[in-house]
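Let me begin by presenting the structure, written as structure tokens, before commenting on it.
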Amino acid sequence: MIQLQTARRERLEETFAHVKMQLRRLIETHPDFYPMYTKYGRWKHDGEAWTHWCDGFLPGMLWIVYKREANGGNGGWWREQAIRYSKPLEPRKHDRNVHDLGFIFMSTYWRWFQFTQDTSLKAVILEAGRTLALRFKEKGEYLRSFVSDDSLFIDIMMNVGIIFHAAIELQDAQLLSVAMRHTLTSRRVLVRGDGSTAHEGLFDLETGEFLRQTTHQGYRGDSCWSRGLAWSLYGFGTCYQYTRDPRFLETAEACADFYLANTPADGVAPWDFDAPEESRKQVDTSAAAITATGLFQLARLSADPAKRILYEDAARHIVGTLCERYVSIGDADWEGILKGGVYHIHKGLGVNESVMWGEYFFVEALDKALG
Ligand code: GLY
């Protein structure tokens, strides 16, 4: 038993060393470049972005590595790089073209602030929270996606946290109301009774009436796109952390239970749970990585001791599988860390590749597993 635990720990540490090597390689090979997904394992290519949402993930990983290295007194270079890649993001606190300001600023400025307590960093986060809240549609009560006014994405559940954050810091009832109403609408129209999720909901702009579930990146409007489920699991958990509203914990747990009941024994989900059998052979490791870090969070939040153990064990199991089967150790040509991610299968973007959010949430989950 002790030998098994030692071997697992060694695997996690070996993977973390690989993370550092790949990040250093990325920075040295493509300085000041913010990648999104690989093509044949290479970060730089002419593939389209679709939307511009990933720039926080590289500096976010640099902050995580800095935290671990600083504990060993060896963080200087990592801190310099984390600052170098975080600073250029500041103007995006005013970016009204994306619904992703939580991804961009909570992975970077929030981590940075925690090391320094510098109030100018906090101000950037609060401004980004205010900007995101401007997407709110009073009719329908949701934050509109980057696609159109009538569109709500499940992905926004990972971003609404920055509005809760700003609302609590600023004691702003209006911001709190926006965040609460968006979260409750997402829960009502995108999370189904069995804990599965839809990617997108469409609304009537005249009346605010919810019309139907649909998708961009999933298999079908009534299917469960695995990354959307993972965003929901982790996002509702985060909203519960901010508000302690039991409805949000219940929803996060329902999503977690759906993931665990419908995923193969290795813990890595297909890209969409309802895609045809042949297509389901394509996993999405980014969904697995997001789920793992979301499960670590739920293991701390859940009121039920049995669930705490279940979620912690499942999170460790998923991280173990990703380390064993999907990390690029031994493939010198591959520039990413985690293979087997999917960005947009219908557009043919980043399919069975490394994807930047997969890298980030995998590194976050690895950090939690290492403790
Ligand atoms: N658009 C965010 C995602 O691909 O999950």
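For the range 358-368, a tally of residues being within 11 Å of the ligand (Cβ to nearest atom) and under 12 Å from TYR326 (Cβ atoms) returns 1.
Count of the range 261-287 residues, restricted to those that are part of a helix (DSSP H, G or I) and surrounded by 17 or more Cβ atoms within 10 Å (Cβ to Cβ), is 5. Among the residues of the range 21-62, those that are of a type in the set (Gly, Ala, Ser) and either within 16 Å of the ligand (Cβ to nearest atom) or in contact with a strand residue (DSSP E or B) (Cβ under 6 Å, 6 or more places away or on another chain) (or both) comprise GLY47, ALA49, GLY56, GLY60.
Scan the range 336-357 for residues that are closer than 20 Å to LYS20 by Cα and within 11 Å of the ligand (Cβ to nearest atom) and report the count. So the count comes out to 4.
Just one of the numbered conditions (1) closer than 15 Å to ASN159 by Cα; (2) modelled with pLDDT under 95 is not true of LYS93: (2). Candidates ARG244, ARG316, ARG325, ARG308: the one that is modelled with pLDDT of 95 or more, surrounded by fewer than 21 Cβ atoms within 10 Å (Cβ to Cβ) and in contact with a Phe, Trp or Tyr (Cβ under 9 Å, 6 or more places away or on another chain) is ARG316. In the range 76-89, the residues that are more than 16 Å from LEU26 (Cα to Cα) form Cβ pairs under 7 Å with partners that are outside any helix (DSSP H, G or I), at six or more places apart or across chains, as follows: LEU89/ASP55; LEU89/GLY56; LEU89/THR108. Is it fair to say GLY294 is within 16 Å of the ligand (Cβ to nearest atom) and either part of a helix (DSSP H, G or I) or farther than 20 Å from SER232 by Cα (or both)? Criteria met by GLY294. Among the residues of the range 297-311, those identified as among the hydrophobic types (A, V, I, L, M, F, W, C) and in a helix (DSSP H, G or I) are LEU298, ALA299, LEU301, ALA306, ILE309, LEU310.
With respect to the conditions (1) under 18 Å from ARG308 (Cα atoms); (2) within 13 Å of the ligand (Cβ to nearest atom), GLU250 falls short on a single one, namely (2). For ALA198, the criteria (1) surrounded by 24 or more Cβ atoms within 10 Å (Cβ to Cβ); (2) over 18 Å from ILE104 (Cβ atoms); (3) out of contact with any helix residue (DSSP H, G or I) (no Cβ under 7 Å at 6 or more places or on another chain); (4) not β-branched (Val, Ile, Thr) hold in every case but one, which is (3). Here the helices (runs of 4 or more DSSP H) wholly within the range 87-166 that include at least 1 residues being within 16 Å of the ligand (Cβ to nearest atom) and β-branched (Val, Ile, Thr) are 101-106.
Using the structure shown, decide if TRP53 is in contact with a helix residue (DSSP H, G or I) (Cβ under 9 Å, 6 or more places away or on another chain), at pLDDT 95 or above and in a helix (DSSP H, G or I). No: the conditions fail for TRP53. When ARG8, ARG24 are checked against the criterion of being surrounded by 12 or more Cβ atoms within 10 Å (Cβ to Cβ), without any contact (Cβ under 8 Å) to a residue 24 or more places away in the chain and either on the phi < 0 side of the Ramachandran plot or part of a strand (DSSP E or B) (or both), ARG24 stands alone in meeting it.
The residues in the range 197-221 that are over 16 Å from SER279 (Cβ atoms), more than 16 Å from the ligand (Cβ to nearest atom) and of a type outside the set (S, T, N, Q) can be counted, and the count is 11.
The values are calculated or read from the model by the stated rules, or taken from the named source; none is laboratory data. Owing to the predicted nature of the structure, the values given are computational and were not obtained by experimental measurement. Every residue, glycine among them, receives a Cβ derived from its backbone with ideal geometry; neighbour counts consider all protein chains shown.
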